[in-house]
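Just below is one structure, and these are the notes that go with it.
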Amino acid sequence: MISQTQVDATTQIDATETTQGPIRQTYSGNADFPPMAKAYKDVLNVVRDTGLLGRTPVFYALVGVGILLGFGGVITGFILLGDSWLQLLMAAALGILFTQVAFLAHEAAHRQILSSGPANFRLARILAGIVGMSYSWWDSKHTKHHGNPNMVGKDPDIEVDTISFLDEDAARSRGVIRWITQRQGWLFFPLLTLEGLNLHRLSFAHLFSRQPVKGRWTELAIITVRFAVLLVPLFLLLPLGMAFAFYGVMVAVFGVYMGASFAPNHKGMPIIAPGARLDFFSKQVRTSRNVTGGWWATWMFGGLNYQVEHHLFPSMSRLHLSRAREIVRDYCVANNVPYTETTVLRSYGIVIRYLNRVGLAARDPFDCPITAQYRPA
């Protein structure tokens, strides 16, 4: 079971105090988390009375305009730079902009932007297609995650996908994947350079699968147009090698930015046993980690820095999450519920150490967890 210092009203989590044995991982369950049956209702009433569940159309309109201006600037820069390796700066900028569009798609899927559910879902499908991802694939996966964050067997975000998040998955790794797993903490960010390609691959695999897919042809059409608009000018106007380099940098920046935005949220937090039946408040708060930093962190992470509040109130606008944090944090302090938040760099340190410790299971599945505590990570 993960043991780590949780923040109270004045103390932040210390990344150096996170420990994780290399094998025979145990999971948190009902006995570890006292039930908080009325907690969510109490907090929800305060949040609702404060007006924090209201829509913020002007805010999202401004965000959309800012992103459009960003794309306009990149297109202008692309045309003016011509045949120059400075184009790689434009490629990096595109990777950042596509991630910002992905944040908006995520918020639309949670019904944060527009007034009706169907309108939000249509917007999310379009925005996801612009990023090059299947909305139907992502939505199914993300809905399961929100319902059971960090729960073994129910949260797809902790299922093995090159990276192992559970000791038993690490112990089962073989070949090249085993070699990667043994070093997966240190390799995590380098591997994220391939995550953009992986997201495209998973989306196409889903859309071309034989299973029923809602909006299959709409999504395929949007994604096809997206790649045509992006790649045709790229390979027509730039030398072949520079065009490939441009695309590689763009996808790498997109993958790292996406992975670095989602990784701090739950990785290294308690893993919930498969059969545990936890109340909604405990399950969401105890498995989520906030990232401090104020407005700049909210912009950089698309509101995902307030992960605790996002999981409690998934339809809440990004603009209101900071105020909701004050309410939730005060309630947690008053009721002795651990509330976890830390800085960006410390969160990455926690993630790297956690993944390295899980990776120990790929080195020796019969290793002693006690002796492993004295081994360098």
Would you mind getting the accessible area per residue of the chain, heavy atoms of the protein chains only, 1.4 Å probe, in Å²?
46 Å²
log₁₀ I(q)/I(0) of region 224-377 at q = 0.16, 0.17, 0.19 Å⁻¹, via Debye over equal Cα point scatterers, no solvent, to two decimals?
-0.98, -1.03, -1.14
Calculate the length of the line joining the C-alpha centroid of region 105-137 to that of region 270-314, in whole Å.
21 Å
Expected sort for 209-219, 347-357 on mean C-beta neighbours within 10 Å, highest first, is 347-357, 209-219
Sorted by mean Cβ packing within 10 Å, highest first, what order do the peptides 323-329, 141-147 take?
323-329, 141-147
Sequence neighbours fewer than 8 away in the same chain don't count; with that in mind, list the lysines whose C-alpha is under 21 Å from LYS38.
LYS283
Estimated FRET transfer efficiency when R0 is 45 angstrom, pair TRP179-ASP83 (beta carbons, to 0.05):
0.65
Sulfur and carbon atoms: percent of accessible area, region 165-301 [1.4 Å]
73 percent
With 10 Å bins from zero, work out the P(r) of region 143-212 over every alpha carbon pair and list the percent per bin.
18, 38, 39, 5
Using only the alpha-carbon atoms of region 292-336 as identical scatterers, what base-10 log of I(q)/I(0) does the Debye formula give at q = 0.23, 0.28, 0.32 Å⁻¹?
-0.75, -1.00, -1.18
Cα extents of region 84-146 along the principal axes, largest first, in whole Å, come to 45, 24, 16
So the FRET efficiency between ALA245 and ALA37, C-beta based with R0 = 45 Å and rounded to 0.05, is 0.20
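At a Förster distance of 45 Å, what's the computed FRET efficiency of ARG277 paired with LEU69, Cβ-Cβ distance as r, to 0.05?
0.40
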Please compute the volume of the convex hull spanned by the alpha-carbon atoms of the chain and report it per residue in Å³.
152 Å³
Using alpha-carbon coordinates, inclination of helix 321-334 to the longest axis of the chain, degrees
10 degrees
For the chain, the longest principal axis of the Cα atoms and the Cα long axis of helix 57-81 enclose an angle in degrees, to the nearest 10, of 50 degrees
Under the rule of -39500 (n - 2.57) per DSSP H run of 4 or more residues, summed and divided by the residues of the chain, what mean residue ellipticity at 222 nm is obtained, to the nearest 500 deg cm²/dmol?
-18500 deg cm²/dmol
Relative to the longest principal Cα axis of the chain, at what angle does helix 135-147 sit, 0 to 90 degrees, rounded to 10?
20 degrees
Convex hull volume of region 183-253 per residue (C-alpha atoms, cubic angstrom)
116 Å³
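The values are calculated or read from the model by the stated rules, or taken from the named source; none is laboratory data. Computed from a prediction, not measured in an experiment: that's the story for all the values here. Glycine also receives a Cβ, built like all others from the backbone with ideal geometry; neighbour counts cover every protein chain displayed. Protein only, heavy atoms only, side chains kept; ligands, DNA and RNA dropped before computing areas. Shrake-Rupley method; radii C 1.70, N 1.55, O 1.52, S 1.80 Å.
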